[in-house]
Each structure stands twice: as C-alpha cells, then as structure tokens.
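Some notes on the structure that comes next.
The values are calculated or read from the model by the stated rules, or taken from the named source; none is laboratory data. Remember, it's a predicted structure, so these values are computed and weren't measured experimentally. Cβ coordinates were reconstructed from backbone atoms using ideal geometry, including for glycine residues, and neighbour counts include every protein chain displayed.
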Amino acid sequence: MSENREMMLPSVMDGADFQHGSIFFVGTATVLVRYAGFTILTDPNFLHSGDHVHLGYGMTSRRLTNPALDIEALPPLDLCVLSHLHGDHFDRIAEKKLNTALPIVTTRHAAASLRRKGFTAPQGLKTWETATFRKGAATLRITSMPGKHAPGPLSLLLPPVMGSLLEFQTAGEHTALRLYITGDTLIHEHLREIPRRYPEIDLALLHLGGTRILGLMLTMDADQGVEAIKMIRPRTAIPIHYNDYTVFKSPLRDFQKAVRAAGLEKKVVYLSHGETYGFEVPASRWHPQGRGTTAAAEAVRPERQAPTSYQSATATSATNGDGRRGSGISAGLALLGGAGIGAAIMYWSAPQKMAGGSRSGANGKSIPSHRKGSAVERKPSGRF
Ligand SMILES: [Zn+2]
C-alpha cells in the first residue's frame with residue numbers, strides 16, 4: 001500500500017467555505033465536522049439508550065444516552081474517520097445503514113475487517129500515514145496519529161486504535177485549519193511526537209470517559225484529559241466520549257474540575273449531545289489577498305450569516321471584541337499571533353443547541369431537534 005493515497009470527491013457548486021466551520025456533537029465519539037466544503041462523520045455510533053455493545057471476550061456495555069440524531073437524518077457525507085473497531089465506535093446500525101461506498105479512513109486492522117463486511121472504500125493507515133481527499137479547490141489530508149488503548153501488552157488484546165489529524169488546505173496548499181481527534185487512547189510516550197510534528201493545532205476532540213473494564217483504564221480520564229491538553233497544546237479542546245456507556249467511569253464534572261484546577265477553562269468548550277460548535281477562521285489563513293498582511297483581519301468582518309442546517313452563524317463585532325448575542329448565540333473574539341505575519345483574528349462562537357422543531361437537512365430530510373443530554377453550561381469562548 002502506498003503511503004500517500006489520494007481521492008477526488010465530487011465537488012460542490014458553491015465552492016469551499018474556508019471561513020466558517022462547525023462541529024456537531026451526536027454522542028459518544030460521533031461528531032459531524034463541516035468545513036471547507038467537506039462533511040465528515042467520526043466514529044459512527046447510533047445505538048440508543050438501553051442498547052448493549054459487545055467489547056470482545058464476552059464483555060458488553062449498556063448505552064446510557066441517545067444519539068442526537070438517527071443515522072437516517074445524517075446529511076450527505078464525504079467520508080468517515082474511524083479510530084478503531086469497537087461497538088461504541090462503529091456499531092451494528094452503522095454497519096447496516098452506512099453507504100458501503102463511503103470512504104472510511106481508519107486503522108489497517110479496521111479497514112480489513114470493514115472490507116470483509118462489504119465496505120468498498122476503507123483506507124487503512126499505519127501511524128503517520130496520510131490519506132488525501134480533494135474536493136473542488138479544497139484538500140483534506142488525514143494523517144494517522146499514535147494511539148494506545150490499554151497499558152502494556154494488554155493492548156494486544158484490544159483492536160488497534162489511531163488518532164487522526166485533519167488538515168484542511170486551500171488550492172495554494174496553505175493549511176487553513178488543523179483538527180486533532182485523539183481516538184480512544186491513554187496518555188503515552190508516543191503522543192509527545194504529535195506536538196513536535198504539529199506544533200499548531202487549532203482544535204482537539206478528546207475521547208475521555210476513563211473507560212474501565214475489569215478495573216483497567218482504557219481511555220483518558222479527567223487528569224489524563226488535562227495532561228493531553230498540556231501536551232498537545234490545541235487552541236481549543238472539546239471533550240467527547242464521556243457519558244454514553246456504563247464502562248465510562250470518569251464523569252465530565254471531574255474533567256471540568258481538573259480543567260479549572262489547571263487554569264485551562266479558556267481552552268475548553270463543552271458540548272452536550274445535539275450542540276454545535278461553530279467557528280470562523282481568519283482570512284489570513286485562506287484568502288489569497290489576505291495572507292501575510294495585517295489587513296487580513298479586515299477581511300474577516302463578521303456578519304450575520306444565514307443559518308445552515310446545523311449551525312446558525314455568529315454575530316459579533318470585530319472592533320469592540322465583545323460577545324454580542326445574535327440569534328441566541330454568543331461569540332468570542334480571539335486574537336492570534338500569526339507566525340510572523342502580525343495579528344489575525346479568529347472568532348469561535350459558543351456552542352448552540354439546534355433550534356427546536358426541525359430543520360431541513362441538505363438531503364431534504366428533516367433533522368430532529370436535539371434530545372436532552374446532560375446540560376453543561378458554557379460561557380462565551382475566550383481569547384487565544
Ligand atoms: Zn470507546
């Protein structure tokens with residue numbers, strides 16, 4: 001297998017939007033990432049509360065939450081990113097109902113298994129290998145990051161797991177956004193290589209939960225989650241995979257406490273199931289004229305945006321920097337020190353619950369309003 005795989009995806013009429021993106025939290029480690037014209041589903045888990053998953057060796061775990069939407073309500077997808085093949089990350093519903101031609105970027109182990117299940121386009125990566133997708137003018141590079149699901153040789157008893165780094169690039173091959181997803185991993189030595197290779201990560205999705213089976217911890221708990229933030233140093237971190245199964249033993253409130261104790265509150269955004277984190281990327285990263293000049297900031301005049309299926313846009317002011325409320329959303333203003341290019345401005349809006357009732361999805365199907373998840377208060381996001 002070659003190290004660089006490339007795939008062209010059907011492009012969209014209206015081109016890639018490098019300015020706005022969103023993270024919609026479905027539940028467990030399932031999110032919808034929308035940016036630069038791509039719609040990406042992670043670790044599809046659509047079982048409902050009360051359903052059981054098999055974790056191997058006859059062990060099962062019961063789901064405690066519902067997904068924020070059912071698999072039939074998903075918008076059209078470009079690809080799926082899968083950290084590993086466990087029932088709480090790729091369940092029987094995904095196996096039955098996902099389009100078998102959907103590209104699935106995952107471990108080699110999972111890719112081989114998915115092929116046997118009839119999926120035709122899985123891409124199995126070894127650690128540090130990259131799969132590349134082109135869609136119109138945008139390029140998405142997905143690189144496999146090290147992950148370790150259990151301490152020591154015990155990891156051999158569990159399916160191999162990977163983290164993922166998603167790099168969204170413009171036609172000029174400038175990286176507009178870097179998103180890191182940890183996968184189910186414990187803190188381990190090889191993770192230190194990630195910030196060495198990628199010192200600038202915008203957003204990190206942390207698989208927490210402190211999963212315990214037979215007394216052994218298999219995913220990061222509160223303290224390890226904080227350690228991961230300190231090690232990876234993302235601009236913003238969002239915990240996921242924290243309350244969905246009986247084997248998740250480290251509640252989110254423990255992580256919130258540990259985050260406060262570490263003074264990292266401004267770096268963390270909390271999402272409940274069904275909430276969207278919308279963000280705006282400074283033009284200095286993606287606009288041909290904006291790059292390399294301080295005028296870049298001028299190009300990101302915030303405006304009220306037309307609501308999309310999953311996200312209403314942010315309304316705020318570039319000049320006063322306060323989070324003005326618009327459509328029930330608050331927004332944060334962040335000043336980023338560009339890499340020698342002066343200051344650029346990035347806005348990260350606070351998460352927003354999907355409006356009640358239903359909205360029309362891109363596939364014409366109605367997207368149900370979110371189901372009740374554990375309510376987590378979220379302050380407007382801070383400055384970087
Ligand atoms: Zn898991």
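Kindly state which strands (runs of 3 or more DSSP E) lie completely within segment 51-103 and contain at least 1 residues that are hydrophobic (A, V, I, L, M, F, W, C) and touching a Ser or Thr at 6+ places or on another chain (Cβ under 9 Å).
Per the criteria, 52-56, 79-81.
Okay, residues lined up against (1) more than 15 Å from the chain's Cα centre (by Cα); (2) more than 16 Å from the ligand (Cβ to nearest atom):
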position	(1), (2)
His174	yes, yes
Pro199	yes, yes
Leu205	no, no
Leu216	yes, no
Gln224	yes, no
Asn243	yes, no
Arg260	yes, yes
Glu265	yes, yes
Thr276	no, yes
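Strands (runs of 3 or more DSSP E) wholly in segment 105-152 with at least 2 residues that are in contact with a Gly (Cβ under 8 Å, 6 or more places away or on another chain), modelled with pLDDT of 95 or more and basic (Lys, Arg) - which ones?
Ranges flagged: none.
Inside segment 179-196, can you point out the residues that are in contact (Cβ under 8 Å) with a residue 40 or more places away in the chain and more than 14 Å from the ligand (Cβ to nearest atom)?
Leu179, Tyr180, Ile187, His188, His190, Leu191, Glu193, Ile194
Out of all the residues in segment 140-178, which are of a type in the set (Ser, Thr, Tyr) and touching a residue at least 60 places away in the same chain (Cβ under 8 Å)?
Once the filter is applied, which keeps residues that are of a type in the set (Ser, Thr, Tyr) and touching a residue at least 60 places away in the same chain (Cβ under 8 Å), segment 140-178 yields Ser164, Thr170, Thr175.
Checking Gly37 against (1) touching an Asp or Glu at 6+ places or on another chain (Cβ under 8 Å); (2) over 22 Å from Arg134 (Cβ atoms), which single condition isn't satisfied?
The one condition Gly37 does not meet is (2).
Would you tally the residues in segment 164-187 being surrounded by 24 or more Cβ atoms within 10 Å (Cβ to Cβ), of a type outside the set (A, V, I, L, M) and not in a loop (DSSP other than H, G, I, E, B)?
Looking only at that region, the number is 3.
If Met220 meets every condition in (1) of a type in the set (A, V, I, L, M, F, W, C); (2) more than 12 Å from the ligand (Cβ to nearest atom); (3) part of a loop (DSSP other than H, G, I, E, B) apart from one, which number is that one?
Exception for Met220: condition (2).
Hey, among the residues in segment 226-241 that are away from the ligand (no atom under 11 Å from the Cβ) and part of a strand (DSSP E or B), which one's farthest from the chain's Cα centre (by Cα)?
Among them, the one singled out is Thr236.
Kindly evaluate Pro67 against the criterion of being closer than 20 Å to Tyr245 by Cα and in contact with a helix residue (DSSP H, G or I) (Cβ under 8 Å, 6 or more places away or on another chain).
no
Just give me the residues in segment 133-172 being aromatic (Phe, Trp, Tyr) and under 14 Å from the mean Cα position of the chain (by Cα), in sequence order.
The answer is Phe168, and nothing else.
Which residues, counting only those in segment 79-104, are in contact with a Gly (Cβ under 6 Å, 6 or more places away or on another chain) and crowded, with 17+ Cβ neighbours inside 10 Å? Lay out the reasoning, then the answer.
Residues of segment 79-104 in contact with a Gly (Cβ under 6 Å, 6 or more places away or on another chain): 83, 100.
Within segment 79-104, Ser83 is the sole residue that qualifies.
Scan segment 43-78 residue by residue and report those that are away from the ligand (no atom under 16 Å from the Cβ) and on the phi > 0 side of the Ramachandran plot.
Across segment 43-78, the qualifying residues are Gly50, Gly58.
Determine, yes or no, whether Ile40 is more than 16 Å from the ligand (Cβ to nearest atom), of a type in the set (Val, Ile, Thr) and more than 23 Å from Asp202 (Cβ to Cβ).
So Ile40 fails the test.
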